[in-house]
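Below is one structure, written out as structure tokens; comments come after it.
The values are calculated or read from the model by the stated rules, or taken from the named source; none is laboratory data. Keep in mind it's a predicted model, so treat the numbers as computed, not measured. Counting neighbours? That spans all protein chains shown, and the Cβs are built from the backbone with ideal geometry, glycine included.
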Amino acid sequence: MDKIVNTTTLICAIVITIIIFICIIFIILKNMKIKKLRKHIERLEIEKNMIVNAPVLTELSKVQALVKNERMTDRYNNWNNEISQLKDKEIPKITDMILEIDALLEQKQYTIVIKKMTNIEVEIFKSKEKADFLLDEMHLITSSEARNRDYITKLKSQYRETISKYNNTIKDYGEIAESIDLQKENIEKRFKAFEALLEKSEYDEVEKLIDSLDEMIRNITVVVEEVPAIVLMGKTVIPKRIEEVKSIYEKLVNDGYQLDYLNVEYNIKEIEKKIMDIFDRAKILNIEDSILELKTMNEYFDNVLNDFDMEKRSRKEFEETSKFVYEKIKKLEGIMKDLYNQLDDLIKNYDLTNEEVSVLTSINSDLEILHKDYEILSTHTKQNSFAFSKLNNECEILGVRASKIEDRLNYCLETLGTLKDDEKRAREQLKEIKMLLKECKYKINEFKLPVINNKYFVELEDANESVKEIVKELDKMPININILNTRVDTSRDLVLKLYNTTNEMIKTAKLAETSIVYGNRYRSNDKSLDNGLEIAERYFFRGDYKKSLESSINAIEIVEPGIYNKLLEESK
């Protein structure tokens, strides 16, 4: 029982201890929060006091010392009023707000305090931004003299350097020097005006003056840099090029060149106007794009001279091409004339198709049109109607057309030429075929074969008929070359076949006869060999020479192997 009481007492003590510990922690955290809020309030107080600080008041006093005219008086009064409003209205208002949150903190209204702090920070930020803006505006005025003097010093240095360069090369500026001298006077007057405006504290006018001086010095620097090149190109280089181009242009025109398409005279007048405009603008020191325009003019003259050279080359090429085309046309016309003179004979002797004749007509028509076009081109050349570059292009086209007509005509000539060649070749081959056929008959008669089979006579008859067909085609007027060539090919094949058959048959018959004669020496000694030779003899006299040879060889092989090869060697 005592043990239970002791345990209960211990638990209660622990719980109480924990509660006390939690309360202590809560109090500590609360005090820390209060302390943090008080520090924040102190920081807000400091920031409030820094709104209208010493630099603002110092700059205001500096402005007061610079008040020498009505405009500066107005500015000073305006800035003074703005600062007074900050000091007398806005800052006291922030002070009251800080006191209010200080009282709320004492009342432990922490949520309201935090919310009010945010409002105070916004008000401090607005007032601080306004004070900084006023400080910047006043500083712009108080530092104006030093800043502007420093900038004027840099401008004077740049100006002296530019004018020094100008004075050293003043001869290079020609008539533009007078305008530059006037601009120098204007710039120097503005340098003097700068001091007067500073003395009167006319800082707005000082800023405008400096901007004006800056632009004028930048402009005169560019003018001094570029005008010598403009004068050189506009007064010397371009005029010389104009005279050069004019001289070459007039000479080429007198030599018969048609150059109207280049518009040289018009373009030169426009260039001369443009040069006058460039110098008129340069006199008021406006040289924008002048260098670029002069370079463009110079490039134009380069291009014109290149066009002149091209025309010279084109004339030479045209004369050569024109001569070549004329000679080719005359050559083709001569060929066509000869061909037409022979055309009646060709039609009479050979079976020409309508298409082959129409091709010749078409070629002749195209050749006549080509000749007319060439004459038109020659007329334009004599009248100087077109530039040689254009004439040369047209002449090259005529040359291409002439070459195409020539190709077609050559093909046609080759086709017609083959008619006579084919006829001649057919007659020569007919002689050869007849010789082969005659040789076949001679060989058959010479060997005196016991029997000639019917198949051989059929081949002989076919060969004879094919020869007759060739003779028929050659005797026709006009000759159909395609049919003639077919007849020749067919006859040649048949006669060659007959020739080979004749040679093979005679060779086989000779071998068969030789083998039988050779085998007779063994007949009395071998009954089977004797029987084989008898069979061979029967085949031989029936005209089956191949089987006769096989039977005799097979019989002799029994007693003398290799007899076939031996007989072949002997026959050779």
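Looking at segment 444-463, which of its residues are in contact (Cβ under 8 Å) with a residue 60 or more places away in the chain and either among the aliphatic types (A, V, I, L, M) or part of a loop (DSSP other than H, G, I, E, B) (or both)?
I444, L449, P450, V451, I452, N453
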Q: Report yes if some residue within segment 536-551 is surrounded by fewer than 16 Cβ atoms within 10 Å (Cβ to Cβ), of a type in the set (K, R), modelled with pLDDT of 80 or more and more than 22 Å from T501 (Cβ to Cβ); otherwise report no.
A: yes
Q) Do the conditions hold for E225, that is, is it part of a helix (DSSP H, G or I) and either among the polar types (S, T, N, Q) or out of contact with any Leu (no Cβ under 8 Å at 6 or more places or on another chain) (or both)? A) yes
Q) Being of a type in the set (F, W, Y) and touching a residue at least 60 places away in the same chain (Cβ under 8 Å), is that true of even one residue in segment 495-504? A) yes
Q.
Under 6 Å between Cβ atoms, which residue pairs at least 6 apart in sequence (or on different chains) link something in segment 371-393 that is more than 16 Å from Y261 (Cα to Cα) with a partner that is among the acidic types (D, E) and part of a helix (DSSP H, G or I)?
A. L377/E394
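Consider I275 carefully, then state whether it is farther than 22 Å from K312 by Cα and in a loop (DSSP other than H, G, I, E, B). Spell out how you get there, then give the answer.
Details: farther than 22 Å from K312 by Cα: yes; in a loop (DSSP other than H, G, I, E, B): no.
Answer is no for this residue.
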Q: Evaluate the following for N167: is it under 16 Å from V222 (Cα atoms), at pLDDT 70 or above and in a helix (DSSP H, G or I)?
A: yes
